[in-house]
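Taking it in order: structure first as structure tokens, then the write-up.
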Protein chains: 2
Amino acid sequence: MSGVRAQKKQQTRRAIEEAAVELFSCKGFDATSMEDIAHAAGVGKATIYGYFPAKDDIFLQYCDDRLVIAFNQFKEQHSKEISFVEYLIAFFMIKFVFITENREFGRLLLREMLFPKEPTDKAREHNQRYFDILEGVFCVAEERGEIAPNQDHFTLSGHFFSLYVGLLAGWYSGYFDSLEEVEKSMRTLFHQVCHGIIS
Amino acid sequence: MSGVRAQKKQQTRRAIEEAAVELFSCKGFDATSMEDIAHAAGVGKATIYGYFPAKDDIFLQYCDDRLVIAFNQFKEQHSKEISFVEYLIAFFMIKFVFITENREFGRLLLREMLFPKEPTDKAREHNQRYFDILEGVFCVAEERGEIAPNQDHFTLSGHFFSLYVGLLAGWYSGYFDSLEEVEKSMRTLFHQVCHGIIS
DNA sequence: AAAGAATCTCGAATGCAGTCGAGTTTACCT
DNA sequence: AGGTAAACTCGACTGCATTCGAGATTCTTT
């Protein structure tokens, strides 16, 4: 039975994560010290570093986990019956809402994910989840004749993703007052992609 | 004559900035301590805080200044004779090269500019410089009949800017091996915007 | 020119993220 | 069981950004 230790580890890990998320939500990320977390979780400060490489990672991990859940919920809820643009809007808006739900959390997550100190497999893997989903959307859209054939799906994914990131940057810089405005802009932008701006 | 003090301040400020940039370039941002900078600049550590609110701001300020110079150079060098897409590509590629010249500098600059802790006038002002330039480009393009009339220039600017940001994120996540690849992708994406992906 | 106000300067102190290494617990082997 | 290796834990320590506050310098006023 090599279960005692493993079980305890799980427990400790969860205790740390829960304590951290609770404190971050309550006091804010910067105002929460590792000592606070350690105390709240009932472990020594250094112990935390056996579970998470750095303070950031505690809730980066947490956010990422929650994001996966949101993904899956979305996949269940939304059929691909609607036009692919509407589908994409629903997809990105869910993410948008999720990310901006807590301004500070989202900010840190985005910073880390989009502009990492150096490229990591973790981030790549994270992105791959997007691309896989979008890939599926584009395939269906192509079959239905909604988009021209022979387009590089990776580039397409990148295009929509970029617009999503741009909207987030706009949000964080105060260019939107409400989610409705964001959705409106997203719709405009996505339609630009579809129809072009020339004709 | 209230000049002695003011002059000294200018001198000190420049000494700090120069010492900091020199050290950041040489040793890297994280590896350079405020004490190093203070010592190199010949002032006390605390003095620096009389000139810059935080370590980040020292070279954020510097980067921003240099960026303005790059902007102006660009405006002089490039005529608007070429097609507006080629103009935009030239414009954004210069910025791209500038930003990624020093990976660490660019990363910090982007993080701060795109996802600020809270919206600041400083960032707004920074962005406004873009929009003004792009505005001009779109007006000319419209007159020439290169793009359909009655489009919202702000949204258009946002669109191209988003793609630029997306490419940067791709670069920082290791999806490109060279600037040539970036430019190629940029061209593809910009053409998508022009012609749409439907027809 | 003298004194009082404003500004500038810096070494010392503070607070926090992250590391170290010694001590403790668990797993594995014979 | 008994002993050894591996993994876990934590208080003390390190290094750094940022703040404090007391003293020095410059400006202003009369």
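Bear in mind that the values in this text are calculations on the coordinates, not laboratory data. These figures come from a predicted structure and were not determined experimentally. Don't worry about glycine lacking a Cβ; one is built from the backbone with ideal geometry, like all the others, and counts go over all protein chains shown.
Could you pull the Rg and Dmax for the stretch B:1-95, using just the Cα atoms, both in Å?
Rg, Dmax (Cα atoms, Å): 18.0, 54.
Please give the net charge around residue B:193, taking every other residue with its beta carbon less than 13 angstrom from that of residue B:193, where Lys and Arg add +1 and Asp and Glu add -1.
Numbers: positive: B:187; negative: B:146.
Net local charge, residue B:193 excluded: 0.
Among A:93, A:186, which comes first, second and so on when ranked by fewest other beta-carbon atoms within 10 Å? Don't skip to the end; give the middle numbers.
On the way: A:93 17, A:186 21.
So the ranking, lowest neighbour count to highest, is A:93, A:186.
Could you work out the relative contact order of chain A? I mean the mean sequence separation of Cα pairs under 8 Å and 6+ apart, divided by the number of residues, in percent.
Details: 97 pairs, mean separation 31.9, N = 199.
Reported relative contact order: 16 percent.
Residue A:184: which aspartates and glutamates have alpha carbons under 20 Å from its alpha carbon, excluding same-chain residues fewer than 8 sequence positions away?
Correct list for residue A:184: A:86, A:101, B:152.
Give me a single rounded figure for B:101-108: the average over its residues of other chain Cβ atoms within 10 Å of their Cβ. Show your work: numbers first, answer last.
Working: counts 0, 0, 3, 1, 0, 1, 6, 2.
Average neighbour count from other chains, rounded to a whole number: 2.
Excluding residue B:21 itself, calculate the net charge of residues whose Cβ lies under 12 Å from the Cβ of residue B:21, where each Lys or Arg counts +1 and each Asp or Glu counts -1.
Numbers: positive: B:14, B:27, B:66; negative: B:17, B:18, B:22, B:65.
The answer is -1.
Among all the lysines, which ones have a C-alpha under 19 Å from residue B:8's C-alpha, if same-chain residues fewer than 8 places away are not counted?
B:45
Mind checking the mean number of beta-carbon atoms from other chains within 10 Å of the Cβ atoms in A:187-193? Could you put the intermediate results ahead of the total?
On the way: counts 0, 6, 6, 0, 1, 10, 7.
Counting Cβ atoms of other protein chains within 10 Å of each residue's Cβ and averaging gives 4.
Give me the distance between the Cα centres of the stretch B:121-199 and the stretch B:74-107, rounded to whole Å.
11
How would you classify the stretch B:55-195 from its alpha-carbon gyration tensor, with a ≥ b ≥ c the square roots of the eigenvalues: rounded for a/c under 1.5, else prolate if a/b is greater than b/c, otherwise oblate? Don't jump to the answer; show the numbers that get you there.
Details: a/c = 1.73, a/b = 1.39, b/c = 1.24.
Prolate.
Within 10 Å of each candidate Cβ there may be at most 15 other Cβ atoms; applying that plus a DSSP loop requirement, which trypsin sites (Lys or Arg not before Pro) in the stretch B:65-129 survive?
Numbers: sites: B:66, B:75, B:80, B:95, B:103, B:107, B:111, B:117, B:122, B:124, B:129; in loops: B:80, B:117.
Taking the stretch B:65-129 and a limit of 15 other Cβ atoms within 10 Å, the loop trypsin sites (Lys or Arg not before Pro) found are B:80, B:117.
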